Each structure stands twice: as structure tokens, then as C-alpha cells.
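The values are calculated or read from the model by the stated rules, or taken from the named source; none is laboratory data. Note that the structure is a prediction, hence the values are computed from the model and not measured. All Cβ positions, even for glycine, are placed from backbone atoms using ideal geometry, and neighbour counts span all protein chains on display. Areas reflect the complete protein model, heavy atoms only, side chains present, ligands, DNA and RNA absent. Shrake-Rupley method; radii C 1.70, N 1.55, O 1.52, S 1.80 Å.
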Amino acid sequence: MTSSSPDLTSPPFNRYPSWTLSKLRPSAITTIQSVHTWIETKCIPAQSIMKVQIAQNRWAMPPLMRQLRSEAKQLGLWNLFLPAEFPGSPGLTNLEYACCAELMGRVYWAAQTMNCHAPETGNIELLAKYCNDEQKEKWLVPLLNGEFASAYSMTEPDVASSDATNISIQIRREGDQYVINGRKLFGNAKWNPEVQLYILMGCTDPTNPDIRQRHSMLLVPSDTPGFLMRQNLSIMGYDCAPEGHGEYIYENVRVPISNVILGEGRAFEIAQGRLGPGRIHHCMRLLGQGELAYELALMRATDSRKQPRGKLIGEFDSNIERIAQMRLELDALRLLVFNAADTLDSRTLDGKSTKKGRYVIAQSKILVPSAVARIIDECMQLYGGQGLTQYTPLPEMWTYARFVRLADGPDAAHRHQVGRDQIKTAGDVLARHVKYYEIAQELKERFGLGDELADDCSWEYINLAGARAKL
């Protein structure tokens, strides 16, 4: 979209640390600049237009969205998320795409203009990675071309779905078909005719002694008889149209056995391959939301029409500190997610990469949504009562941040994973501290110090002498 060389001292590059800039290839820098221009000129100015068109027909793709998708595709701003190993990929690294995703996040629907929105990104990667050639031709190619939309059907109302081994919707094989019975929550609303495919996770072998081989994933066309949407689920009062969040009933839904992905019992393998990069995409888009909220706060703080007690809102010391804290947190969060993206890019370089990648992804997923929600809340405070109304986009932005704290699993599940992994390192920590103790004993002897020193060496309270015997 731009012919001149991007200015790395101007937005968006001026927020990137030097180590990030050093890893961005010239072609990626051009793409990032093009995405920035697209968001600034095509998406942010059109937010009110999009709202009006959605209100006119809540469960259909707005005409403006259709137009923007066509334009973005012609400009090559399309499927930017697709990893380099797949045909048609633009070849961006996770770090390079993270820069793009943050820019897309400034407007909730902007990623969709470039076919880079959830759940499409995760579903496309899943199909590209695990489906056979026939399935790819029927479902993947149209999704890559933007001909229709897809949804992911996993969460259930009757079990604790944060532990996916609990998923219990029944998938029974009868001849050359699978018969599906049960209920699901979430998954984009099939009231929107664009949504033509659901990727379903269900239980095909409930008695398998290996609980991680009991489940399978199926491709379920939205018009399959017996597949019903009972209602749309509001998210804290928002219906999230036109994508929505449905409650579904599967009543003797039949699909051919050729619709199973990879094979029976492979759902957990597939799910793990789908989630990692998508969690980083969520976090980077959230940072884009946080940046836009921050800009709204700056405008409010310097609005000459708003002068409580004769001062600009931004002239109060408490608000100056509030603005500073928001800026610092946004920059720190960006470093966190950039690190996660870069770790994924280097995942093949060492044997510990999988474990390290799991940690940095969980770290981002735990910290970013809650922090961005807090930042948006601070921006709402600066707007006073108006900050709680449709007068600004802040309430919708806050709701999205709160929603992402549960998307791809609740905070508690990710904290449990991190905590469990950290506790496993206690043995190594103990060994190091025993070594400290032994060195301290050698120093005592060298300098002729006796037991009377113990009271002055309070760190030895750990009783490392006893711990040494356990090693």
C-alpha cells in the first residue's frame, strides 16, 4: 500500500524494542506498515458505519465488511497469520505477525477484513495441518478464499469443559456414518448464513482406558439435519452480532465417517496443535484495544471542555500517574507477548522448546487479558459516567478483554499448569541452596568462625543440613 520506505521512528515501529526491530525482515516491515495504513484509513474511521449496518441486519455480514474484505484481498492483506509451512502463506514469523495482530486489534472487527479473525485463524491452521486432501479441497480452500465462515464447537454446558477430558457429547458410529447427540455452548451463531462449517470435538470411545484417546473431531456442515441452534448467548449483555455465540443441540445428527479429522481418538493431539499461536493472536489484538483506549484517555485528559475545579482532567496528579501507569503496562505487556512469539519462532532450536513455549504462551494468556481490562477500566474512570455508556467504545472493549480471560481456558487452568511446572523445579532450587550452605560452611572454617555466627545468618533457617541428606 505504500511505496516509500517505512519510518521506523514513527508509529507503529516507535513502540517496538530494538531487539524486535532487528528481527523484522524488510518484507515484513512493509507488510506491517501496510496493515497500519489499512487500519488507520479504512477501519478506525468506519467504526460508526459498521455499527449502523450491523443494527440494520444483525445476523448478516455488513455490506461494508464485504467491501473491505474484497479490497484487502486485492491488496494482499489476506491470511497474514498462515504459517510459512502452508501453501499460500505470506511467510510472516510469529513475531512479525504479532506486530500485525496488535494493529488489527485497535478495531474489534478489523482482523476479519483480512481473514485473520478468530476462530477462522485457528480453524484454518487446524484444517491445513491435520485434514486429508479431500477435506482440504472441500473446506480449507473456500475458507482461505473467504467464501464462507467456520466455527469451533467444544465447550459443553453440563460438564467442566476447562478439563477437556470431561467433554461428553456422544459420537456413535453406525455403518458409514457418525451419529451425534448432545449439547454445546459457544461456536459462532448459525443464524449468520456465512457460517457453514462447525469443527466438533466429541466422545467416540468413552471406555478407552487412555482418557486422551476417547475423543475425536468431526467436520459438521451447518445445514446438517438435527443440528439446531437453541439461542444466542449474550456476553455480559452484548449479543456480539453478527458472529454471536450459540447454544446448540445435536439430535441424531449424521455425518459421513469421511468427516473425521485425522482419525478417531486424535482430538487432543489436534487441539494442542491449534491453540498455541491463537492465544498469542488474542493477546496482541487485546494490546491494540488497550492502545486505542489509551488514546481515548489522552484526549479526555486534555479536553478543554472538561475542567473539574478549573483544571484539565489531565492536570490532576492522580490522573498524570494513571496515564503513566497505563503507558508503562502496555509497553511491558507488548514485551511479554513479543517474547512469546519469538520463543515460538525458535521452537525447533533446542529440546526444551516445547515446554518453554507452553510457559510463555500461558504467561501471556494469564497476564495480558486481565491487565488490559484493568487499563480499559482506568480509561473509563477518566470519562466518568459517560465511560459506562455507548458514548465511547470502552464498555465493549472491556467486555472483550474480560471474555478473553475465559477464551481458550480460564485463568485458573493456565495458572495451575504454570504452578505445577514450577513446583517440579523445586528439586533443582534445593540443590542450589544446599550448595550455598556448603560454601558458607567452608567460609566459616576458613575464617575461624564458630556456631555463634548462625544467629547472624538468618537465611540458613531453611535447615539445609537436613535437606542435604535428602539429595
- With only helices counted (DSSP H, runs n ≥ 4, each -39500 (n - 2.57)), the per-residue ellipticity at 222 nm for the chain, to the nearest 500, works out to -15000 deg cm²/dmol
- In Å², rounded to a whole number, the accessible area per residue of the chain with probe 1.4 Å is 48
- Using a Förster distance of 41 Å, how high is the FRET efficiency between Glu295 and Gln177, based on the Cβ-Cβ distance and rounded to 0.05? 0.15
- Set the Förster distance to 22 Å, then compute FRET efficiency between Ile320 and Ile44 from the Cβ-Cβ distance, nearest 0.05. 0.25
- Item | Label-point separation, Val429 to Gln381 (7 Å along Cα→Cβ), nm | 3.2
- Query: Once fully extended, how much extra length lies between Leu449 and Lys311, figured as 0.36 nm per residue of separation less the alpha-carbon to alpha-carbon distance?
  - Reply: 43.2 nm
- Whichever lysines have a C-alpha closer than 18 Å to that of Lys365, once near sequence neighbours (fewer than 8 apart) are set aside: Lys355, Lys356
- In the chain, carbon and sulfur make up what percent of the accessible area (probe 1.4 Å)? 53
- For the chain, what Kirkwood radius comes out of the mean inverse Cα-Cα distance, in Å? 24.8
- Item | Above-threshold pairs, the threshold being 22 Å between Cα atoms, out of Lys51/Lys184; Lys42/Lys129; Lys42/Lys73 | Lys51/Lys184; Lys42/Lys129
- Message: Can you compute the label reach from Lys73? Point 7 Å from Cα along the Cβ direction, backbone N cut-off under 19 Å, restricted to the stretch 110-127.
- Response: 110-125
- Message: Along the Cα→Cβ direction, 7 angstrom out, place labels at Arg66 and Arg212. What is the inter-label distance in nm?
- Response: 4.6
- Message: Relative contact order for the chain: what percent, with Cα pairs under 8 Å and sequence separation of 6 or more?
- Response: 12
- Item | Size of the stretch 388-428 as Cα extents on the principal axes (Å, biggest first) | 55, 16, 9
